[in-house]
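Some notes on the structure that comes next.
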Ligand code: NAD
């Protein structure tokens, strides 16, 4: 049995709390490793060491910091297959999807190589007589990221890339369900030239998270995970005076207009609804066809596509569409919600409840499900299922479809499928959701734009990656300077206007 570690001061460090968690192979259901769960004292010690190391890194010029990230990108590409394999083994997603997980993180590191440009301040020449005014962006000090299981490479990189590029030391508390890839990222950053102590990976659960939130040295916390935990972390972190941004759960709707290309819409829905077994915060979990004719045509196109999906372990080849869920609890929860949908009167058009995979009977696989005639009071609608279950809510008109998506408490992503530019434009303008796709089912913005949901999908200010991330991980200092000294002109007693 492999025993995993923390990563402190540039090296693997054994856990000292005596508490451990099981890391499963979701395809077989076997425990394949154990991960240490850090105590408050271990977290505090990791933060203290980071605080010692940070001033030197913060004073290193941004171009030199960017060069470390440049080399990190080279190493990520060199080890892409190794990282993706480790990721699939613990998370369960297919090998091509695991590579995508690494790739979308890597692209944010590439963006962060622009740090010298992104950290440039503003300068006003002669803001007053003999007076110049300028602002600079300075690192916060020691900052932290708390990340979910579903993107164990991408989301840690979304956090650590900008934080490190801005000159901070970074404490990463990854998900305890798939902690190996974050540890491998730390090894690669050391190889790339990151000084020891600047990135600390503390594995753990609530105790480690609370230690981060209560530690006075930590200046900012970036979180991604479920909404109840996002709300908790936001409240506790803010109460302790920290800068906090928390990204939560989702219930993403895809509106299908009567004029949409139905084949294209059905293909998009199958990929966006069942890819990664539905364990994506940008997965489409609700289809909203407008009009019964559209709904009937869509269901007719969806059913054969869903029935053809190949569900299996990542080792079965690149034509596997999706793998197992992450834990036995996740499987139980998803199947429980499916049963509630049937009991509450939704029509289960594709029933995956009896799905079994020979040789993998103890794995956490769940077959694909499709519901029709779902109403907004049902549990399968109100709760984030985070599994391979697509619900169809029929709408009588465009306005009704728009209202359905707008009334939902989550606001991460949404999409509209139509051939009409006016409808698409109206939708993009009026919808109260952070990321919108027009004939694009999973509108995840690229690294140089920003990623963030609205309503219960996002708490706090500023989005992830893109220019916002450089604002989140720095603070602005504004200098008003006059040369030579004002003594030459005598003292001043009035609050001067810049005239
Ligand atoms: P989770 O909320 O269970 O865990 C996220 C992190 O919080 C983990 O590091 C975990 O150790 C920690 N944590 C868990 N319980 C805690 C507690 N009681 N106190 C303090 N910390 C705790 O989420 P998950 O299951 O790992 O990830 C799936 C969720 O993340 C889904 O809801 C999904 O929508 C969401 N997600 C959102 C985004 C986004 O950008 N909005 C992206 C990816 C995932």
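Measure nothing but the geometry: give the 0 to 90° angle between the long axis through the Cα atoms of 398-407 and the longest principal axis through the Cα atoms of the chain, rounded to 10°.
The angle comes out near 60 degrees.
How big is D for the chain, in µm² s⁻¹ as a whole number, if Stokes-Einstein is applied with the Kirkwood radius of its Cα pairs at 10 °C and 1.306 mPa s? Mind dumping the intermediate values first?
On the way: Rh = 24.0 Å.
Using the Kirkwood radius from Cα pairs, D works out to 66 µm²/s.
Roughly what angle does helix 328-343 make with the longest principal axis of the chain, taking Cα atoms, 0 to 90 degrees, to the nearest 10?
The helix 328-343 is inclined about 50 degrees to the chain.
Quote to one decimal, in nm, the extra length available between residue 480 and residue 419 on full extension: 0.36 nm per residue of separation minus the C-alpha distance between them. Please report the intermediate quantities before stating the final value.
Numbers: separation 61, 0.36 × 61 = 21.96 nm, distance 5.39 nm.
So the extension gain works out to 16.6 nm.
Taking the Cβ of each residue in 7, 454, 57 as the centre, tally the other Cβ atoms inside 10 Å and list the residues starting with the fewest. Before the final figure, lay out the partial values.
Values: 7 25, 454 14, 57 22.
Ascending number of Cβ neighbours within 10 Å: 454, 57, 7.
For the ranges 89-102, 275-288, what's the packing order if you count other beta-carbon atoms within 10 Å of each residue, average per peptide, and put the highest first? The partial results should precede the final answer.
On the way: 89-102: 24.3, 275-288: 25.8.
In decreasing order of mean packing, 89-102, 275-288 become 275-288, 89-102.
Multiplying the sequence separation of residue 70 and residue 2 by 0.36 nm and subtracting their Cα-Cα distance, what value in nm do you get? Walk me through the numbers on the way to the answer.
Working: separation 68, 0.36 × 68 = 24.48 nm, distance 3.16 nm.
21.3 nm is the gain from fully extending residue 70 to residue 2.
Using 0.36 nm per residue of separation minus the Cα-Cα distance, give me the extension gain between residue 28 and residue 187 in nm, one decimal. Mind showing how you got there, number by number?
Working: separation 159, 0.36 × 159 = 57.24 nm, distance 2.80 nm.
Length gained between residue 28 and residue 187: 54.4 nm.
Once all Cα-Cα distances of the range 252-438 are split into 5 Å bins that start at 0, what whole-number percent is in each one?
1, 8, 18, 21, 20, 15, 9, 5, 2, 0, 0
If packing is taken as the average count of other Cβ atoms within 10 Å, what order do 343-355, 209-221 fall into, highest mean first? Display every interim value, and only then the final one.
Working: 343-355: 14.8, 209-221: 21.1.
The peptides rank, most packed first, as 209-221, 343-355.
What nm value, rounded to one decimal, do you get for the distance between residue 446 and residue 210 when each label is placed 7 Å out toward the C-beta?
4.5 nm
Compute the distance in nm between two label points, each set 7 Å from the Cα along the Cα-to-Cβ direction, one at residue 17 and one at residue 310.
4.1 nm
Mind checking the angle between helix 292-307 and the chain's longest principal axis? C-alpha axes, 0 to 90 degrees, to the nearest 10.
So the inclination is approximately 90 degrees.
Mind sorting 290, 13 by how few other Cβ atoms lie within 10 Å of their own Cβ, fewest first?
Details: 290 26, 13 19.
The most exposed by this proxy come first: 13, 290.
Please state the equivalent ellipsoid semi-axes for the range 114-220: what are the square roots of 5 times the Cα gyration tensor eigenvalues, largest first, in whole Å? The partial results should precede the final answer.
On the way: eigenvalues 225, 51, 25 Å².
Sorted largest first and rounded, they come to 34, 16, 11 Å.
Taking a temperature of 10 °C and a viscosity of 1.306 mPa s, what whole-number D in µm²/s does Stokes-Einstein yield for the range 265-307 with Rh from Kirkwood over alpha carbon pairs? Write down the numbers at each step before the final one.
Values: Rh = 10.8 Å.
In µm²/s, the coefficient rounds to 147.
Determine, for each peptide in 68-81, 403-416, 307-320, 224-237, the mean count of other beta carbons within 10 angstrom over its residues, then list the peptides with the highest first.
Per-residue Cβ counts within 10 Å, averaged per peptide and sorted highest first, yield 403-416, 224-237, 68-81, 307-320.
No value in this document is a laboratory result; all are computed from the given coordinates. Here the structure is a predicted model, which means the values were calculated and not measured. Here Cβ is always computed from backbone atoms with ideal geometry, including for glycine, and neighbour counts include all displayed protein chains.
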